[in-house]
1. Residues of segment 58-82 being farther than 16 Å from Val10 by Cβ and crowded, with 17+ Cβ neighbours inside 10 Å, which ones?
2. Among the candidates Gly55, Gly50, Gly43, single out the residue that is without any contact (Cβ under 8 Å) to a residue 60 or more places away in the chain and either more than 13 Å from Val10 (Cα to Cα) or of a type in the set (A, V, I, L, M) (or both).
3. Would you mind finding the one in Ser30, Ser16 that is of a type in the set (S, T, N, Q) and modelled with pLDDT of 90 or more?
4. Within segment 22-40, how many residues turn out to be touching a residue at least 40 places away in the same chain (Cβ under 8 Å) and either acidic (Asp, Glu) or out of contact with any Pro (no Cβ under 6 Å at 6 or more places or on another chain) (or both)?
5. Do we find that Arg91 is of a type outside the set (A, V, I, L, M, F, W, C), free of Cβ contacts under 8 Å to residues at least 24 places away in the same chain, farther than 19 Å from Leu3 by Cβ and not in a helix (DSSP H, G or I) in this structure?
6. Do you know which residues across segment 1-48 are within 16 Å of Val74 (Cα to Cα) and touching a helix residue (DSSP H, G or I) at 6+ places or on another chain (Cβ under 6 Å)?
7. Are there any pairs with C-beta distances below 7 angstrom linking a residue in segment 1-21 that is more than 10 Å from Gly50 (Cα to Cα) to a residue that is at pLDDT 90 or above and of a type in the set (D, E, K, R), with the two at least 6 apart or on different chains, and if so which?
8. Run down Val59, Val78, Val74 and say which single residue is in a loop (DSSP other than H, G, I, E, B) and among the hydrophobic types (A, V, I, L, M, F, W, C).
Amino acid sequence: MVLLELFVAVLVTGLSCVNAAIPAAAVARSGDRRFLLLTGSNGGLALLGGLWAWGELPVSPPSWAIPELPTELVVLAVTVLLLATTLWPRRA
């Protein structure tokens, strides 16, 4: 189960990093600070995923960095929903 948990942690980290780029570009382009919330939430999820990936590596991480698969799957669902909010087309 360690490889599956490592895969999900890396997936959360990667999706969050990609998803943080879209609102960060919107902030740079329009100056609208609402997108900073999306950038910050995705940055936090990327940090959490990186911490969990470190917890799955065999380098003796601290006990608080070791995740459980159900928690990772919930965070993955939140990450995908955040990605959907940034990719969903706007109404005209």
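The values are calculated or read from the model by the stated rules, or taken from the named source; none is laboratory data. Treat the numbers as computed from the prediction; the structure is a model and nothing was measured. Cβ coordinates were reconstructed from backbone atoms using ideal geometry, including for glycine residues, and neighbour counts include every protein chain displayed.
1. Passing the criteria: only Leu82.
2. Answer to the selection: Gly43.
3. Being of a type in the set (S, T, N, Q) and modelled with pLDDT of 90 or more holds for just one of Ser30, Ser16, which is Ser16.
4. Matching residues across segment 22-40 total 2.
5. On the way: of a type outside the set (A, V, I, L, M, F, W, C): yes; free of Cβ contacts under 8 Å to residues at least 24 places away in the same chain: yes; farther than 19 Å from Leu3 by Cβ: yes; not in a helix (DSSP H, G or I): yes.
The answer is yes for Arg91.
6. Glu5, Leu6, Val8, Ala9, Val10, Val12, Thr13, Leu15, Ser16, Asn42, Leu45, Ala46
7. From residues that are more than 10 Å from Gly50 (Cα to Cα), the pairs are Glu5/Glu72; Val8/Glu72.
8. Values: Val78 fails: in a loop (DSSP other than H, G, I, E, B); Val74 fails: in a loop (DSSP other than H, G, I, E, B).
Going through Val59, Val78, Val74 in turn, just one is in a loop (DSSP other than H, G, I, E, B) and among the hydrophobic types (A, V, I, L, M, F, W, C): Val59.
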